[in-house]
Amino acid sequence: MSLRSSFKSAFYELLTLSVTVSLLSFAAAAPSLAHDHDDDDDSYTIGLWGDLPYSTLQATVGVPNLIADMNAHRLKFTAHDGDLKQGSNSACDAGLYAQALAFFNSLEAPAMFTPGDNDWVDCDRPSNGGFNSRDRLDYERKVFFSTPFSLGQRKLRQEVQTDPLCLSANGTKIGCVENRRWTVGRVTYATLNVQGSCNNLCDTNPDPDEYNARNAAVILWMQQTFAEAKKRNSAAVMFITQGNPGWDQADPTRAPLRDPKTLAETDGQPDGFVSLLTALRAEVEAFRKPVAYVHGDSHYFRIDQPFLNSTGQRLENFVRVETFGDNQGNGNNDVRWLKVTVDPRSRDVFYFQPVTVPANRTAVPAPTRN
Ligand SMILES: [Fe+2]
């Protein structure tokens, strides 16, 4: 080693030491804040889950196993895409939201959440206690979304849709504060409050006024997310939502049926999604870079490309991702999660890996070690 390079190496050691010391002092001042390296191009991993737990067994065994497994994976953040419980025969009482909050705060990485129809829209079903749906969403806003930070042991600061665009239970306009946006490693993420039960236009007590206000806010938040991604020169965008809007004619047992060219719903049900999908399509085509649209709702894990343009051509830069969710037919087995490797320097940015939690295997037990 030359004198010059040994001087250089000593200089870098000092520099490293001082950076370490200043990071340590920052960590001491704000121990629970995660650092979102906005400009960092390194790849990282995130965890996606949702539609869980749906039973006492899942709440006491399956989900704790899942959380321990996620914690062992050193994830950058996790996101639950809604439905904190089964759709019927279970009350939307304070205990439900307290249980979910405890789950999220036992995750070491920043924990994101977007509400699901089972935890607000369908709380008006008599078998769920006959609550006022808007009141349950207002309550979720207090429990999960009262600060600009994520949940989880490490927290990430997020942008929040604070403009008074949503309708509260008492009819006043309030912020849709569950809609969040954050950027990690040159990829921009946003949650959108999009729901099953026709996005609150069918099932018990449809609520067109609530839908109209929230849907306009969601479309605006989606469009602003693309604007933010363009401004930051983000490599990709990911949305995290609950409702399966239906994309085409392929899945009549699980999702609304839709003409993929016109995007109009064809099964005679109220269409709570067409305006969002129409606006989303225009943005996806203009953005050109990868867009992932994550949802739950129909509990059928899949990654596909069902979004077509108005002449029927596939939008190559768009991928739909449905997370696992409950499948009680398999006992505890389907309490699983989806690992996403995010590599901003790569062509497709998002790489998906279904993760089986070894302790949750039921149909085929985990192999024994020899
Ligand atoms: Fe669900």
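The figures follow:
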| item | result |
| --- | --- |
| For Trp337, distant residues with modelled amide H under 5 Å away | Val355, Val357 |
| Rg(Cα) / (2.2 N^0.38 Å) computed for the stretch 193-232, rounded to two decimals | 1.45 |
| Ordering of 312-319, 233-240 by packing [mean C-beta count within 10 Å, highest first] | 233-240, 312-319 |
| Taking only Cα atoms of the stretch 132-254, radius of gyration then Dmax in Å | 15.4, 43 |
| Share of pairwise Cα separations in the chain, more than 35 Å, in percent | 25 |
| 5 Å-binned pair-distance histogram of the stretch 224-296 (Cα, whole percent) | 3, 14, 24, 22, 17, 10, 6, 2, 0 |
| The stretch 84-92 - phi-based ³J(HN,Hα) in whole Hz, Karplus 6.51/-1.76/1.60, Gly and Pro as x | 8, 7, 5, x, 9, 6, 7, 6, 8 |
| Stretch gain in nm, segment Ala68-Tyr351, where the contour uses 0.36 nm per residue and the Cα spacing is subtracted | 99.7 nm |
| Amide H partners (placed H, <5 Å) of Ala236, local residues excluded | Thr188 |
| Virtual spin-label span in nm between Asp259 and Lys142, 7 Å along Cα→Cβ | 4.6 |
| Semi-axes of the equivalent ellipsoid for the stretch 53-196, Cα gyration tensor, largest first, Å | 24, 21, 11 |
| Value at 222 nm in deg cm²/dmol, rounded to 500, when DSSP H runs of n ≥ 4 in the chain each add -39,500 (n - 2.57) | -9000 deg cm²/dmol |
| Candidate lysines for bridging to Lys289, where Cα separation is under 24 Å - those fewer than 8 sequence places away on the same chain excluded | Lys76, Lys230, Lys231, Lys261, Lys339 |
| Distance in nm between pseudo-label sites at Ala94 and Thr311 (7 Å out along the Cβ direction from Cα) | 6.0 |
| For the stretch 103-164: rounded, prolate or oblate by the Cα gyration tensor [a/c cutoff 1.5] | oblate |
| Partner lysines for Lys85 [C-alpha distance under 20 Å; skip if fewer than 8 residues away on the same chain] | Lys142 |
| Cα-based Rg of the stretch 284-370 normalised by 2.2 N^0.38 Å, two decimals | 1.37 |
| For the chain, built as a Gaussian network whose Cα springs stay under 10 Å, the top-fluctuating residue of Thr45, Thr172, Thr341 | Thr172 |
| The stretch 44-86: radius of gyration over Cα atoms, expressed as a fraction of 2.2 N^0.38 Å | 1.18 |
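Every read-out reported here was derived from the displayed coordinates using simple, explicitly stated rules and does not represent laboratory data. Values in this document were obtained by computation on a predicted structure and should not be read as measured data. Methodologically, a virtual Cβ is constructed for each residue, glycine included, from the backbone with ideal geometry; neighbour enumeration extends over all protein chains shown.
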